[in-house]
Amino acid sequence: MRGRGERSPLASAGLHLALIAATVVAVFPPLWLLITSFKPKTDAFDTSLVKNFTLGNYTHVLGDTAFLSWLGNSALVVGTTTVIGVFISATTGYAVSRFRFPGLRPLMWLLLITQMFPVAVLIVPLYNLMAALGLLNQPIGLVVTYLTVAVPFCAWMMKGYFDGIPAEIDEAGRVDGLTPFGTFWRLILPLARPGLAVTAFYTFITGWAEVAYASAFMTGEENLTLAGGLQSFVNQYTADWGSLTAAAVLIAAPAALVFGLVQRHLVAGLTAGATKS
């Protein structure tokens, strides 16, 4: 006899097999990308493991291409986007969580509706707008574009997190003579670290992994970001798979590092923002 909720050995085995299969499917593409990056170009489509180990792809990417210039452009754009995005998302989320003002509901609907438009619909009007403002081939143009993508979602999430922080803390701050912003900055923000970690990670990934806007708004090898530069290894005539995979691994490394730094806050922050908004 099995207790209520207990699985049979067959069901347990099936569940574990399904989890193993899902893990293999998830891990295989990045693992094969890493393996291919250490192969010579002639062995790129060889299905065996590395037979002729080489670092030539990495030395070529770092020494013979503008990869470091692309890296600097991406770091500038993504760093600026992350700092500004976290600040705007946190202040917006706090405002709509704590204050009642005319236009609050339309503002919340506006933040939600902006998430419904795909990139293919927005890229042409945004391109025309950036061209009219003279922001094409300018890092600030990408920063503004990425903020329009990241801030609405992050503001909704931060609102949910601030809703879970007792309002009595705000009242205590005002009793002690703090301004509303002082209360937010000195009392509430330190308690919102998990939410801020998720916001920072989402904003970082939005800029770091984005391709469409970066390719459309930035031209010229010296202006490209990593996403745009990666496309230079593949064209209609040839494909340098060795360099492409090596560059992809180098691009993924910072994202993995950022994830490692904030991962302990991610579950708490995402759960709070999802269940309390």
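Any residue in the stretch 214-242 that is closer than 27 Å to Ala131 by Cα sitting within a Cβ distance under 6 Å of a residue that is loosely packed, with under 13 Cβ neighbours inside 10 Å and charged (D, E, K, R)? List the pairs, counting only those 6 or more apart or interchain. Here the result reads none, with nothing in the stretch 214-242 linked to a residue that is loosely packed, with under 13 Cβ neighbours inside 10 Å and charged (D, E, K, R). Scanning the stretch 199-226 for residues that are of a type in the set (A, V, I, L, M) and surrounded by fewer than 21 Cβ atoms within 10 Å (Cβ to Cβ) yields a total of 5. Does Thr92 qualify as being surrounded by 11 or more Cβ atoms within 10 Å (Cβ to Cβ), free of Cβ contacts under 8 Å to residues at least 40 places away in the same chain and assigned to a helix (DSSP H, G or I)? Criteria not met by Thr92.
Somewhere in the stretch 143-164, is a residue hydrophobic (A, V, I, L, M, F, W, C) and over 19 Å from the mean Cα position of the chain (by Cα)?
Kept after step one, since they are hydrophobic (A, V, I, L, M, F, W, C), are these residues of the stretch 143-164: 143-144, 147, 149-151, 153-158, 162.
Keeping just the survivors that are over 19 Å from the mean Cα position of the chain (by Cα) gives 162.
Within the stretch 143-164 (the criterion being hydrophobic (A, V, I, L, M, F, W, C) and over 19 Å from the mean Cα position of the chain (by Cα)), the answer is yes, since at least one residue qualifies.
The single condition from (1) at pLDDT 90 or above; (2) part of a loop (DSSP other than H, G, I, E, B) that Gly177 fails is (1). Taking residues in the stretch 27-55 that are under 12 Å from Trp241 (Cβ atoms) and touching a residue at least 40 places away in the same chain (Cβ under 8 Å), and partners anywhere that are part of a loop (DSSP other than H, G, I, E, B) and among the small types (Gly, Ala, Ser), the pairs with Cβ atoms closer than 8 Å and at least 6 places apart or on different chains are Thr36/Ala44.
Counting the residues of the stretch 121-164 that are touching a residue at least 40 places away in the same chain (Cβ under 8 Å), of a type in the set (Gly, Ala, Ser) and surrounded by fewer than 19 Cβ atoms within 10 Å (Cβ to Cβ) gives 1. Scanning the stretch 21-76 for residues that are among the polar types (S, T, N, Q) and not in a helix (DSSP H, G or I) gives Thr47, Ser48, Asn52, Thr54, Thr65.
The values are calculated or read from the model by the stated rules, or taken from the named source; none is laboratory data. Every value quoted in this text rests on a predicted model; they were computed, and no experiment measured them. Please note: Cβ atoms are built from the backbone with ideal geometry, for glycine as well, and neighbour counts cover all protein chains shown.
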